[in-house]
Amino acid sequence: RLHLVTWNVGTASPPPDVTSLLQLNSLGPTMDMYVIGLQEVNSKITNFLSDLAFDDPWSIFFMTVLSPLGYIKLSSIRMQGLLLLIFVKHIHLPFIRDIHTQFTRTGLYGYWGNKGGVSIRMSLYGHTICFINCHLPAHMENTEQRLDDFEKILEMQFEGENIPSTLEHDVLFWFGDLNFRIADYGIHFVRESINNKRYSLLWEKDQLNMAKKTEAFLKEFIEGPLQFKPTYKFDLYSDVYDTSEKKRKPAWTDRILWRVKHLCQNASKDEFSEEEQTIFVTLNNYVSHMSYGISDHKPVTGTFGLELKPLVSVPLVMLNPEGEWSAEHDVIIRYSTVPEFLSSAWDWIGLFKVTFRHMNDYVTYAWVEDDEISSDKDSKQVYMNAAEIPTMGGEYLLCYYSNNLQSIVGISEPFQILPSTTSTEKDLTQEENSWMQKPDNLESRAE
């Protein structure tokens, strides 16, 4: 289950609550993955430079909300006001590989990043998936510019890298503030149609719907029905459309579309067996969220079911804590790998709290080669120094990080570390701050 958010936040700070936006109170099964695409994140130059050094407020906000629920930030990419975040449940980490990020500037003839696209791609259980968050040019008359820019973004993402092009991915999600408007109709007709909930009267004049009928590269993209009010432009903190002097005509600027590669390849076949399909994408819900008023756009979410026939079903690394763990003595980790796994001298095993936020949010780590104490044909053992083990104890897990694959390829079951009888106030402070710090020797060695 994948929950995708697109929201032009208009340089605002995060709202006090996103429970409904993320469907955290949903009665159904919990989400496996959250994909959050924001536009117009505060991108003043001072903010942007500080955000390069530290996580921006929106990333910290979503990590704070989702990490206690068992999600970690898998990857993120920022280009000025464009931000794309992906959070995933722990259980899926060993089956997500080959993560890459990319951005394409289209503002000011490609020299400025106020418009463009940011992407994250990955292999999920052996299937290639790509997410593109876009902010395309504004204004009614710029339809062609929007289409040209998106075509450029599609062509330039991952260009020259040993990665499939965006359209070669098994599934491609395209979303963002795409800025397409409602053509021809006057503002009074548009507002009356909205007030009477006769949205279908406006669909045929939606510029994106019109372009999908004529532009070959758009025809393969699928979108759910627009059965919610246009999401732009509102007075702040209200559900009233623009009352300023400009009186912008309402439009569905904020959209979520997707493309499944095998459907495109087999569109020309007369017969196509479902047995040949290895991935199914189902849209379960496509809605706007009118209660959020920090921006002149309303957020839009799409909830999807991804049914995958796993091409990868065994973790590359299996690892477990040995014996009883506490800060009273050195501790042992045992791990084994599948035959085809290529380890590296830069691989490491991290000790994490079960509510860890991202890959660098470890308490401590061990190098798999430097800290090895035994090895046989079936498994290896590495140790962690007692001085590095949290004295307060608690629930933790172990993750194996592959430098070659730039991802976590093995994760243990959660386990208990027993509290030490000699914990000190200093230890408490050190543990509380550990998620903010990355040891210098791991960072320099990774470089």
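Of all accessible surface on the chain at a 1.4 Å probe, what whole percent is carbon and sulfur? Mind showing how you got there, number by number?
Numbers: 10430 of 20760 Å².
On the chain, the fraction of accessible area on carbon and sulfur atoms equals 50 percent.
Note down, for the chain, the three equivalent ellipsoid semi-axes (square root of 5 times each alpha carbon gyration tensor eigenvalue), biggest first, whole angstrom.
On the way: eigenvalues 374, 127, 73 Å².
Output for the chain: semi-axes of 43, 25, 19 Å.
Estimated from the Cβ-Cβ distance and a Förster radius of 41 angstrom, the FRET efficiency linking L311 and M210 is about 0.60. Relative contact order of the chain: 15 percent, from C-alpha pairs under 8 Å at least 6 residues apart in sequence.
In a fully extended conformation the segment linking F61 and T355 would gain 104.4 nm over its present Cα-Cα distance, using 0.36 nm per residue. Think of each Lys and Arg Cβ as +1 and each Asp and Glu Cβ as -1; about the Cα centre, that makes the dipole of the chain roughly 1980 debye. The tail of the calculated P(r) for segment 317-424 beyond 23 Å holds 22 percent of all Cα-Cα pairs.
Could you give the alpha-carbon Rg of segment 122-276 over 2.2 N^0.38 Å, rounded to two decimals?
On the way: Rg = 17.9 Å, N = 155, 2.2 N^0.38 = 15.0 Å.
After normalising by residue count via 2.2 N^0.38 Å, the value is 1.19.
Of the whole protein surface, M290 contributes about 60 Å² of accessible area at a 1.4 Å probe radius.
Which whole-number percent gives the relative contact order of segment 317-424, counting Cα pairs below 8 Å spaced six or more residues apart?
Details: 251 pairs, mean separation 37.3, N = 108.
It comes to 35 percent, rounded to a whole number.
Helix-only arithmetic for the chain: the sum of -39500 (n - 2.57) across DSSP H runs with n ≥ 4, divided by the residue total, places the mean residue ellipticity at 222 nm at -4500 deg cm²/dmol. If only the Cβ of Lys and Arg carry +1 and only the Cβ of Asp and Glu carry -1, the dipole of segment 317-424 around its Cα centre is close to 300 debye.
Pop a pseudo-label 7 angstrom from the Cα along the beta-carbon direction at both T19 and M392 and give the gap in nm to one decimal. So the label points at T19 and M392 sit 2.6 nm apart. Scattering from segment 69-159 was approximated by placing one identical point on each alpha carbon and applying the Debye formula without solvent; log10 I(q)/I(0) at 0.14, 0.20, 0.22 1/Å stands at -0.55, -0.91, -1.02.
Once the Cα atoms are used to define both axes, helix 57-66 deviates from the longest principal axis of the chain by about 70 degrees. Of F62, H169, L21, which is farthest towards the positive pole of the chain's charge dipole, taken about the Cα centre with +1 and -1 on the beta-carbons of Lys, Arg and Asp, Glu respectively? Positive-most Cα among the choices belongs to L21. Note on exposure: F189, F62 ranked by accessible area (1.4 Å probe, complete protein assembly) read F189, F62, with the most exposed listed first.
Which residue fluctuates most in the GNM of the chain (Cα springs below 10 Å): E204, E395, E340? With Cα springs under 10 Å in the chain, the top fluctuation among E204, E395, E340 is at E340.
Among the protein heavy atoms, those of F103 account for about 80 Å² of accessible surface (1.4 Å probe, every chain in place). Against the main long axis of the alpha-carbon atoms of the chain, helix 143-156 sits at an angle near 30°.
Using r as the Cβ-Cβ distance of R198 and N162, and R0 as 45 Å, what FRET efficiency do you calculate, to the nearest 0.05?
For R198 and N162, the calculated efficiency is 0.35.
Maximal additional length on extending the T30-Q406 stretch stands at 132.7 nm, based on 0.36 nm per residue less the C-alpha distance. Per residue, the accessible area of the chain comes to 46 Å², computed with a 1.4 Å probe over protein heavy atoms only.
In terms of distances greater than 27 angstrom between alpha carbons, the cross-link table entries K309/K353; K213/K309; K212/K249; K89/K197; K197/K233 yield K309/K353; K213/K309; K89/K197. So if we plug the beta-carbon distance of N285 and T11 into 1/(1 + (r/R0)^6) with R0 = 35 Å, what FRET efficiency do we get, rounded to 0.05? Efficiency for this residue pair is about 0.80.
Mean separation of Cα pairs under 8 Å and 6 or more residues apart, divided by the residue count, gives segment 161-252 a relative contact order of 30 percent. Model label points for Y185 and D370, set 7 angstrom from Cα along the Cα-to-Cβ axis, are 6.4 nm apart.
The values are calculated or read from the model by the stated rules, or taken from the named source; none is laboratory data. Please read these numbers as outputs of a predicted model, since none were measured by experiment. Don't worry about glycine lacking a Cβ; one is built from the backbone with ideal geometry, like all the others, and counts go over all protein chains shown. For accessibility, only protein heavy atoms count, side chains too; no ligands or nucleic acids. Shrake-Rupley method; radii C 1.70, N 1.55, O 1.52, S 1.80 Å.
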